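*Asks:* Encoded as structure tokens, here's the structure I'll be asking about.
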Amino acid sequence: MDFQQNFKALDSDLLIASVPKCRTIWLKALAFAIVNRVRYPCTSSSKSYHHHPLLTVSPHDLVPFVEFKHLNPDHSFFDPQHRLIATHVPYPSLPESCKTGTTNCKIIYVCRNPRDNFISMWLFMNKLRASPALASDKFGPFWDHVLGYWKESREKPHKVLFLRYEDLKKEPITQLKRLADFMGSSFTLEEERQRVIEDISRLCSFEHMKNLDVNKNGIWRKRIDNKVYFRKGEIGHWKNYLTPHMVERLDCLMEEKLQGSGLVF
């Protein structure tokens, strides 16, 4: 409620939104690396590469969730031109300053196949059973959450960018260029020639980030081990958990809820 009622979006704000367990942490890393690529070069041969914040700070700390009232991010990491923030709040519940045309705040939404999202969430919540206050968070039905942002992206493509995790995984270069263009940080021809996009993709890759000390041994908000955010990162991992009957039930439900929206997985 504090976020909804009191948060005032800035024209330069970039808001990353998602249902939990849609690889939000990966998108945070990519967005941070793109926006800050001049300040923090992503090329390993660069003299300042080893000072890149993503090597020692969790993406969840670099791009904080604004709904956590007592969150105190290190603002020294914020690019003065773009404040990167994140939320799991459904679109209708966002502060009006994020949604209205009175500000140029942009929203980047990421989702993934509901089968994988369901399994990832289930495994994650099992690990949080020791933290009831965290495990009890609710973000509304998956389909309502996704459709809220999907419809806005169709009506206001300049305001909301809708991304699928599967597309980011399969076509990273194409999707990173699309992401950079939307954020107002387009890659130059010279940067493409120097393979800056590939450097960013490599720095933020699941395998690389999973093996960083901060993500293996760090703790987020003094309550959750960072390593729980880096489990598999695979597409289709649901096959190891869902029975054919479960898949049929889930698919029928999603077909019913998404019917006529134009959104397919």
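Only the coordinates and a few stated rules stand behind these numbers; no lab work does. The shown structure was predicted, so the numbers you read here are calculated from the model rather than taken from an experiment. All Cβ positions, glycine included, derive from the backbone under ideal geometry; neighbour counts span all protein chains shown.
*Asks:* Listed highest first by mean packing, meaning other Cβ atoms within 10 Å per residue, what order do 185-198, 107-120 come in?
*Replies:* Numbers: 185-198: 13.7, 107-120: 22.2.
Top to bottom by mean Cβ count within 10 Å: 107-120, 185-198.
*Asks:* Here is a further query. Determine, for each peptide in 56-62, 3-9, the mean count of other beta carbons within 10 angstrom over its residues, then list the peptides with the highest first.
*Replies:* 56-62, 3-9
*Asks:* Further question on the same structure: Which of these, ALA180, ALA17, ALA33, has the largest mean-square fluctuation under a Gaussian network model of the chain (Cα springs below 10 Å)?
*Replies:* ALA180
*Asks:* Moving on to the next point. Quote the Stokes-Einstein diffusion coefficient, in whole µm² s⁻¹, for the stretch 203-265, based on the Kirkwood radius over alpha carbon pairs, a temperature of 37 °C and a viscosity of 0.692 mPa s.
*Replies:* 222 µm²/s
*Asks:* Follow-up question, since we're still on this one. With just the Cα atoms defining each centre, how far is the stretch 94-117 from the stretch 206-265? Give it in Å.
*Replies:* 19 Å
*Asks:* Nothing charged except the Cβ atoms of Lys and Arg (+1) and of Asp and Glu (-1): what's the magnitude of the dipole of the chain about its Cα centre? Round to the nearest 20 debye.
*Replies:* In debye, rounded to 20, the chain gives about 540.
*Asks:* If you stretched the chain out fully between ASP2 and GLU96, how much longer would it get, using 0.36 nm times the residue separation minus the C-alpha to C-alpha distance?
*Replies:* Taking 0.36 nm per residue and subtracting the Cα distance, the gain is 32.6 nm.
*Asks:* Out of all Cα-Cα pairs in the chain, roughly what percent, to the nearest whole number, are more than 31 Å apart? Intermediate results must be reported in sequence, preceding the final value.
*Replies:* On the way: 8296 of 34980 pairs.
Result: 24 percent of Cα pairs exceed 31 Å.
*Asks:* As a test, work out the antiparallel percent of DSSP beta bridges whose residues both lie in the chain, rounded to the nearest 5.
*Replies:* On the way: 3 of 18 bridges.
So the antiparallel bridges amount to about 15 percent of the total.
*Asks:* For ASP225, what residues show an amide H to amide H distance below 5 Å, using hydrogens built from the backbone and excluding near sequence neighbours?
*Replies:* Residues meeting the criterion, in which the H sits 1.01 Å from N, are TRP220.
*Asks:* List the pairs from LYS169/LYS210; LYS170/LYS210; LYS232/LYS257; LYS156/LYS177 whose alpha-carbon separation is above 23 Å, in the order I gave them.
*Replies:* Check vs 23 Å cut-off fails for LYS232/LYS257.
*Asks:* Could you compute the FRET efficiency for ASP144 and PHE68, with r as their C-beta to C-beta distance and R0 at 25 Å, rounded to 0.05?
*Replies:* 0.65
*Asks:* Moving to a separate point now. For the stretch 204-265, what is the charge dipole size about the Cα centre, in debye to the nearest 20, if Lys and Arg each add +1 at the Cβ and Asp and Glu each add -1 at the Cβ?
*Replies:* Here the stretch 204-265 has a charge dipole of around 480 debye.
*Asks:* Would you please give the residues with an amide H less than 5 Å from that of LEU161, counting only those at least 5 places away or on a separate chain, with H modeled from the backbone geometry?
*Replies:* Here ILE107, ILE108, TYR109 satisfy the definition.
*Asks:* Also: Which residue, chosen from VAL35, ASN226, VAL264, occupies the Cα position most advanced towards the positive end of the dipole of the chain, where the dipole is computed from +1 (Lys, Arg) and -1 (Asp, Glu) charges on Cβ about the Cα centre?
*Replies:* Sorting the options by dipole projection puts first ASN226.
*Asks:* Still on this model: Per residue of the stretch 163-179, in order, report the coupling 6.51 cos²θ - 1.76 cosθ + 1.60 (Karplus, θ = phi - 60°) as ³J(HN,Hα) in whole Hz, putting x for Gly and Pro.
*Replies:* After applying 6.51 cos²θ - 1.76 cosθ + 1.60, I find 10, 10, 4, 4, 5, 4, 6, 7, 10, x, 5, 4, 6, 5, 5, 5, 5 Hz.
*Asks:* Another one. With charges set only on the Cβ (+1 for Lys and Arg, -1 for Asp and Glu), what does the dipole of the stretch 176-225 come to about its Cα centre, in debye to the nearest 20?
*Replies:* About 380 debye.
*Asks:* Sticking with this structure for a sec: Per residue of the stretch 150-161, what does 6.51 cos²θ - 1.76 cosθ + 1.60 with θ = phi - 60° give for ³J(HN,Hα)? Whole Hz please, x for Gly and Pro, Karplus curve as stated.
*Replies:* Along the stretch 150-161, the couplings run 4, 5, 5, 5, 6, 7, 9, x, 6, 9, 10, 9 Hz.
*Asks:* Applying the Karplus parametrisation 6.51 cos²θ - 1.76 cosθ + 1.60 with θ = phi - 60° to the phi angles of the stretch 42-50, what ³J(HN,Hα) value in whole Hz is obtained for each residue in order, glycine and proline being reported as x?
*Replies:* 9, 7, 4, 7, 5, 5, 9, 4, 5
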